[in-house]
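Report on the following structure.
The values are calculated or read from the model by the stated rules, or taken from the named source; none is laboratory data. Not measured: the values here are computed from a predicted model. Every residue, glycine among them, receives a Cβ derived from its backbone with ideal geometry; neighbour counts consider all protein chains shown.
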Amino acid sequence: MQPRDFLESREFIQIIHQSLTQTLSLLFKNNIPFKIVTDISRVDFNPKLPASFMQNLQSLTVFVLENYTFTSAKIVDNCLNFEAGFGSENYASLVSVPIGAILQISIEDTPIFLNLSIDTAKPKRTKEDKSKESLEALLGNPENKKLIKK
């Protein structure tokens, strides 16, 4: 087996996900703020961030979970979810990071966990999620708002 094959194997990915989840749970239990490095292409924002914010995010983005962001954080359906504010306007969004998209966890500037697995799977979205996104896209265009009767 080649190293890449091992890093992409379902068994190795499951072990890493379990270790990531346990590490995050321990940080929450001990009330320890932390930073995560994520693969931004796999992160969801609700509501979606304006294009001006998204274009400024790097492919590997650091999120600092402390204060309100830390207290709002929880693990749900193999995702780390938390509320965060972006930019000088403090644009609020619920951030959903698949566990496998967390590449590193740090306390202050010390890395405590490195994710070496190669996991490109996105969590499955429900029909309700897809319908909500479709409606948001429809309503996001001012021209479409004229078509909807109140």
Inset, instruction - Give Ser96, Ser41 a once-over and let me know the one that is among the polar types (S, T, N, Q) and in a helix (DSSP H, G or I). - result: Ser41
Legend entry - Members of the stretch 63-75 that are surrounded by 14 or more Cβ atoms within 10 Å (Cβ to Cβ) and among the hydrophobic types (A, V, I, L, M, F, W, C): Phe63, Leu65, Phe70, Ala73, Ile75
Legend entry - Residue in the stretch 55-74 that is modelled with the lowest pLDDT, counting only those that are of a type in the set (A, V, I, L, M, F, W, C) and farther than 14 Å from Leu27 by Cα: Leu57
Inset, instruction - Just give me the residues in the stretch 76-91 being touching a residue at least 24 places away in the same chain (Cβ under 8 Å) and within 18 Å of Phe53 (Cβ to Cβ), in sequence order. - result: Phe86, Gly87, Tyr91
Inset, instruction - Among residues belonging to the stretch 1-50 that are among the hydrophobic types (A, V, I, L, M, F, W, C), without any contact (Cβ under 8 Å) to a residue 60 or more places away in the chain and surrounded by 14 or more Cβ atoms within 10 Å (Cβ to Cβ), point out the one that is farthest from Tyr91 (Cα to Cα). - result: Phe28
Legend entry - Residue match in the stretch 58-73 (condition: free of Cβ contacts under 8 Å to residues at least 12 places away in the same chain and within 21 Å of Ile118 (Cα to Cα)): no
Legend entry - Among the candidates Leu24, Leu49, Leu20, residue that is within 17 Å of Glu83 (Cα to Cα) and part of a helix (DSSP H, G or I): Leu24
Legend entry - Scope the stretch 76-93; condition in contact with a Ser or Thr (Cβ under 9 Å, 6 or more places away or on another chain), part of a strand (DSSP E or B) and surrounded by fewer than 15 Cβ atoms within 10 Å (Cβ to Cβ); matching residues: Val76, Glu83, Gly85
